[in-house]
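Asker: This is the structure, below, for whatever I ask next.
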Amino acid sequence: MYQVKIKKLSGYQDISIPQKMSEFASGFDIYAGVKEEVVIRKGERVLIPTGFALEMPVGIEAQIRPRSGLALKNGITLLNTPGTIDSDYRGEVKVILINLGEEDFIVKPGDRIAQLVFMEVPQVKLVEVEDITQTNRGSGGFGHTGK
Ligand SMILES: O=c1ccn([C@H]2C[C@H](O)[C@@H](COP(=O)(O)OP(=O)(O)OP(=O)(O)O)O2)c(=O)[nH]1
Ligand SMILES: [Mg+2]
């Protein structure tokens with residue numbers, strides 16, 4: 001069990017910190033920190049504040065992922081899914097929503113718009129070399145094995 005610190009930012013006392021909706025949910029649902037309704041017109045993208053900042057242990061990142069219900073019912077997803085929250089980021093977590101649906105979508109204060117999933121990230125050192133080993137696949141990719 002990792003401990004992640006979360007700070008509610010000033011001016012957002014009405015907005016809940018992210019919450020798990022079931023005991024073993026992967027994600028903590030993120031509440032929109034908008035002060036009033038925001039309309040996302042079809043095809044538009046909008047940066048939504050959340051009202052919190054995180055302090056994660058080194059080796060942990062947070063991902064922001066879409067909610068499938070909003071995706072299926074409204075065509076609402078994250079433009080940069082999964083959004084990456086770096087372990088050393090101390091700013092407000094924000095969510096880039098995009099409306100891929102047919103109709104305008106309204107975000108109301110406190111709506112659950114996305115979910116926060118914490119992941120272990122191995123600490124890696126890149127070692128630059130002249131040669132890398134051969135494999136059967138080689139440079140085949142991007143569907144080279146067929147459908
Ligand atoms: O959906 C997102 C994605 C990123 N961030 C914040 C946290 C993250 O640590 C920082 C940088 O994100 P990223 O590395 O994806 O963006 P960048 O374009 O590479 O920005 P930077 O040059 O600041 O790293 O922005 C968010 O709040 N929400
Ligand atoms: Mg970056």
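Asker: In debye, nearest 20: dipole of the range 1-74 around its Cα centre with unit charges on the Cβ of K, R (+) and D, E (-)?
Answerer: 180 debye
Asker: Let's test the formula: R0 of 25 Å, r as the Cβ-Cβ distance of R90 and S26. What FRET efficiency results, to the nearest 0.05?
Answerer: According to the calculation, E is roughly 0.55.
Asker: Return the sequence-ordered ³J(HN,Hα) values of the range 136-147 in whole Hz as given by the Karplus equation 6.51 cos²θ - 1.76 cosθ + 1.60 applied to θ = phi - 60°, using x for Gly and Pro.
Answerer: 4, 5, x, 9, x, x, 6, x, 5, 7, x, 6
Asker: While we're here: Sequence gap at least 6, Cα distance under 8 Å: using those rules, report the relative contact order of the range 36-147 to the nearest whole percent.
Answerer: Result for the range 36-147 is 36 percent.
Asker: Over the range 1-90, what is the relative contact order in percent, taking alpha-carbon pairs closer than 8 angstrom and at least six residues apart?
Answerer: Relative contact order of the range 1-90: 29 percent.
Asker: Once you have the Cα-Cα distance between K125 and I60, take 0.36 nm times their residue separation minus that, and quote the gain in nm to one decimal.
Answerer: 21.8 nm
Asker: Can you tell which of G83, G75, G11 shows the greatest fluctuation in a Gaussian network model of the chain with Cα springs below 10 Å?
Answerer: Looking only at G83, G75, G11, the largest GNM fluctuation is found for G11.
Asker: Using the Cα centre as the reference, give the magnitude of the dipole from point charges on the C-beta atoms of the chain (Lys, Arg: +1; Asp, Glu: -1; all else neutral), rounded to the nearest 20 debye.
Answerer: Numbers: 18 positive and 19 negative charges, 64 e Å.
So the dipole magnitude of the chain works out to roughly 300 debye.
Asker: Determine the shape class of the chain: with a ≥ b ≥ c the square roots of the Cα gyration tensor eigenvalues, call it rounded for a/c under 1.5, and otherwise prolate if a/b is greater than b/c, oblate otherwise. Before the final figure, lay out the partial values.
Answerer: Working: a/c = 2.39, a/b = 1.41, b/c = 1.70.
In terms of gyration-tensor shape, oblate.
Laboratory data are not the source of any read-out in this text; all were calculated from the coordinates shown. On a predicted model such as this, the values are computed, not experimentally measured, just so you know. Cβ sites come from the backbone with ideal geometry, for glycine too, and all protein chains shown count toward neighbours.
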